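Down below is the structure, laid out as structure tokens.
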Amino acid sequence: MEDNRELVHYSLKRIKKEHAQYNLIYGMRSNGKSFSVEEEGIDNYLNYNKQMAIVRRFDVDFQGKRGSEVFSHFINNPERGNIILDKTGGEWSDIYYWSGRWYFCKYDKSNNRIKDPNPFCYAFSLAGQEHDKSTSYPNITTILFDEFLTRKGYLPDEFITFTNVISTIVRDRDDVTIYMCGNTVNKYNPYFTEMGLDNVLKMNPGDIQVYKFGVTNSKKILKIAVEYADNPNPKGKPSDIYFAF
């Protein structure tokens, strides 16, 4: 059966064609931007044993209930049911969060948890990046910086902190793809400025722009793809009625 989810939810298909190291995706909230990247990371783990990292601004973004529910929409999805059960052919049915790591898991007849010995995803906070410097993450090939745009203010020297986190994960490799997702709450932010993305404010929904930068003493090119995600569901959502004002 043909998969038509891209008709109602954001899809990575267009921006992935650019083969950029950094992929900045912004647009209306709740249109599936982060979900699409998370699914990409899950598929990479199941198919290639490659891991994912999720970056947020503060430690509290991963504490308790917040950490446990990051992937809840893959367990109880209103459109697709239990996506993990389906993707793993019944091997795993749930996701367990512990100490900054997410694992696939299932439960036996006595309701005892059985989990995958290896995490498929790690949590990183910008505020706590000093604690991650000494650890190596050679299998992480997908990084999602979620909500990189904010209306609540940025950390001091946040862009430098962010690049330090990237350095901790990437080390000496060049096989990591970085996705930065945000809602259109504030286009004026340090990332567009620091990364030299000088045409972002002129973009229209549906546009993709690619910036290229040379690397000193190297023939390689840094590519940054920026997408102003169009509304994938022009008919709107039932909840739109609450925001008609």
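The values are calculated or read from the model by the stated rules, or taken from the named source; none is laboratory data. Computed from a prediction, not measured in an experiment: that's the story for all the values here. So basically every Cβ, Gly included, is an ideal-geometry build from the backbone, and we count neighbours across all protein chains shown. Accessible surface areas use protein heavy atoms only, side chains included; no ligands, DNA or RNA. Shrake-Rupley method; radii C 1.70, N 1.55, O 1.52, S 1.80 Å.
Considering only S34, V55, Y10, the residue lying farthest towards the positive end of the dipole of segment 1-121 is V55, judged by Cα position with unit charges set on Cβ.
Beyond 31 Å in Cα-Cα separation lie the following of the pairs K152/K220; K87/K109; K50/K152: K152/K220; K50/K152. Distance between the pseudo-spin-label points of D230 and Q63 (7 Å out from Cα toward the beta carbon): 4.3 nm. Convex hull of alpha carbon positions in segment 122-204: directionally averaged projected area 6.1 nm². Once both labels are modelled 7 Å past Cα along the beta-carbon direction, what's the K17-S167 spacing in nm? Here the answer is 3.6 nm between the modelled labels. Summing +1 for each Lys or Arg and -1 for each Asp or Glu, what net charge is found among the other residues whose Cβ lies under 10 Å from the Cβ of F74? Local net charge: -2. If you restrict to DSSP beta bridges whose two residues both lie in the chain, what percentage is antiparallel, to the nearest 5? Counting only bridges with both partners in the chain, antiparallel ones make up about 40 percent. Across the protein chains, with a 1.4 Å probe defining accessible surface, the residues S99, S218 rank S99, S218 from largest area downward. Estimated from the Cβ-Cβ distance and a Förster radius of 45 angstrom, the FRET efficiency linking R151 and D86 is about 0.80. Among the GluC sites (Glu not before Pro) in segment 11-70, those located in a DSSP loop and surrounded by at most 12 other Cβ atoms within 10 Å of their own Cβ are E69. Here the contact order of segment 66-165, divided by its residue count and restricted to Cα pairs under 8 Å and six or more residues apart, works out to 15 percent. Considering every pair of different Cα atoms, what Kirkwood radius, in Å, is found for the chain? Kirkwood hydrodynamic radius for the chain: 19.2 Å. Proximity of backbone amide H atoms, modeled 1.01 Å from N, is registered between M180 and N23, L24, I25, F145 at under 5 Å, excluding neighbours fewer than 5 places apart on the same chain.
Distance between the 7 Å Cα→Cβ label points at F245 and K109: 5.7 nm.
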